[in-house]
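**Q** Mind looking over this structure? Questions follow.
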Amino acid sequence: MVATEASVPTPTTAPDDLIIAGRRFRSRLLTGSGKYSDFATMQQSIAASGCEMVTVAVRRVQTQAPGHVGLAEAIDWGQVWMLPNTAGCQTAEEAVRVARLGRELARLLGQEDNNFVKLEVIPDAKYLLPDPIGTLEAAEQLVKEGFVVLPYINADPELARRLEAVGCATVMPLGSPIGSGQGLRNAANISIIIEQASVPVVVDAGIGSPSEAAAAMELGADALLINSAIALAQNPVQMATAMKLGTAAGRLAYQAGRIPVKAYASASSPLTGMIS
């Protein structure tokens with residue numbers, strides 16, 4: 001009997017939500033709000049990505065840096081969750097202070113219960129690599145103050161373990177340097193972080209293409225944060241859609257379980273019952 005469209009069963013799988021500090025997100029793709037050529041492109045790209053969490057550089061909004069004037073008001077915060085970030089902070093003390101400003105910004109824009117912060121402590125102006133010691137110090141203080149801390153880190157399994165131990169809600173290892181588009185240069189260490197973590201692992205920075213997004217999710221990452229690869233694409237809106245699909249495909253592949261890698265061929269058709 002040939003199955004008709006009506007006879008094909010509907011999948012009954014449970015929702016595959018991303019859960020961070022008890023808050024549910026259907027999308028496993030987080031995006032940024034910087035580097036876009038204009039607000040209209042940013043708005044369309046956020047919508048096309050299907051993301052439900054968008055990160056905002058608090059210091060650049062507060063100082064009205066170029067490209068950030070009116071940014072906070074350009075996004076519909078009734079539809080997406082704000083992830084204030086401490087970009088531009090070089091020390092733990094700066095990061096804690098900016099995180100507090102970010103919480104107030106979220107509340108002013110209607111998200112009264114938003115204690116989320118993407119923690120960045122980056123004294124390195126050339127390679128933009130995060131400071132592990134400053135990050136840990138700031139994370140400890142922010143957790144004590146009731147923040148939901150999402151720390152941006154090098155792909156260091158021991159640091160990830162320490163940050164989880166002090167109460168961070170996620171760990172966010174970089175795939176490669178911010179905005180580099182180099183992809184997953186740290187896949188082996190990210191795999192270790194994923195293996196040992198009991199909080200969500202969000203791969204942040206370096207992903208440049210949907211295939212790299214899929215590869216990160218196939219490793220078992222819980223989510224991705226992608227900004228530059230979308231905002232600086234020739235067609236950001238189209239790239240946002242592609243990243244959404246790549247993220248979803250990688251997640252499905254991880255759940256499905258890939259076949260083992262073999263050193264020899266294996267016939268697709270059985271060799272028994274052949275006509276001789």
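The values are calculated or read from the model by the stated rules, or taken from the named source; none is laboratory data. Since the model is a prediction, treat every value here as computed from it, not as a measurement. All Cβ positions, glycine included, derive from the backbone under ideal geometry; neighbour counts span all protein chains shown.
**Q** Using the structure shown, decide if I75 is touching a helix residue (DSSP H, G or I) at 6+ places or on another chain (Cβ under 8 Å), at pLDDT below 95 and on the phi < 0 side of the Ramachandran plot. So that I can check it myself, show each step before the final result.
**A** Numbers: touching a helix residue (DSSP H, G or I) at 6+ places or on another chain (Cβ under 8 Å): yes; at pLDDT below 95: yes; on the phi < 0 side of the Ramachandran plot: yes.
Spelling it out, I75 is indeed touching a helix residue (DSSP H, G or I) at 6+ places or on another chain (Cβ under 8 Å), at pLDDT below 95 and on the phi < 0 side of the Ramachandran plot.
**Q** Tell me whether the range 27-37 contains one or more residues that are assigned to a strand (DSSP E or B) and out of contact with any Cys (no Cβ under 8 Å at 6 or more places or on another chain).
**A** In the first step, residues of the range 27-37 are kept if they are assigned to a strand (DSSP E or B); the result is 29-32.
Next, only the ones that are out of contact with any Cys (no Cβ under 8 Å at 6 or more places or on another chain) stay: 32.
Yes, the range 27-37 has at least one match.
**Q** Scan (1) closer than 22 Å to G250 by Cα; (2) surrounded by fewer than 24 Cβ atoms within 10 Å (Cβ to Cβ); (3) at pLDDT 95 or above for the single condition V171 breaks and write down its number.
**A** (2)
**Q** Identify, from the list I190, I178, the residue that is closer than 25 Å to R97 by Cβ and either in contact (Cβ under 8 Å) with a residue 24 or more places away in the chain or among the small types (G, A, S) (or both).
**A** Values: I190 fails: closer than 25 Å to R97 by Cβ.
Result: I178 is the single residue among I190, I178 that is closer than 25 Å to R97 by Cβ and either in contact (Cβ under 8 Å) with a residue 24 or more places away in the chain or among the small types (G, A, S) (or both).
**Q** Return the residues of the range 167-198 that are β-branched (V, I, T) and not in a loop (DSSP other than H, G, I, E, B); say none if nothing qualifies.
**A** V171, I190, I192, I193, I194
**Q** Right, here's the next one. For the range 78-97, does any single residue satisfy the condition of being among the hydrophobic types (A, V, I, L, M, F, W, C), farther than 24 Å from L232 by Cβ and out of contact with any strand residue (DSSP E or B) (no Cβ under 7 Å at 6 or more places or on another chain)?
**A** yes
Results for (1) within 15 Å of R59 (Cα to Cα); (2) of a type in the set (D, E); (3) free of Cβ contacts under 8 Å to residues at least 40 places away in the same chain, shown as yes or no for each residue.
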| site | (1), (2), (3) |
| --- | --- |
| Q79 | no, no, yes |
| R97 | yes, no, yes |
| L105 | yes, no, no |
| N114 | no, no, yes |
| L128 | no, no, no |
| P132 | no, no, yes |
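**Q** A follow-up question, please. Take the range 199-208 and flag every residue that is part of a loop (DSSP other than H, G, I, E, B), β-branched (V, I, T) and crowded, with 19+ Cβ neighbours inside 10 Å. Let's see the steps before the verdict.
**A** To start, the set of residues in the range 199-208 that are part of a loop (DSSP other than H, G, I, E, B) comprises 199-200, 205-208.
Still in the running and β-branched (V, I, T): 199, 207.
Hit for the range 199-208 is I207, nothing else.
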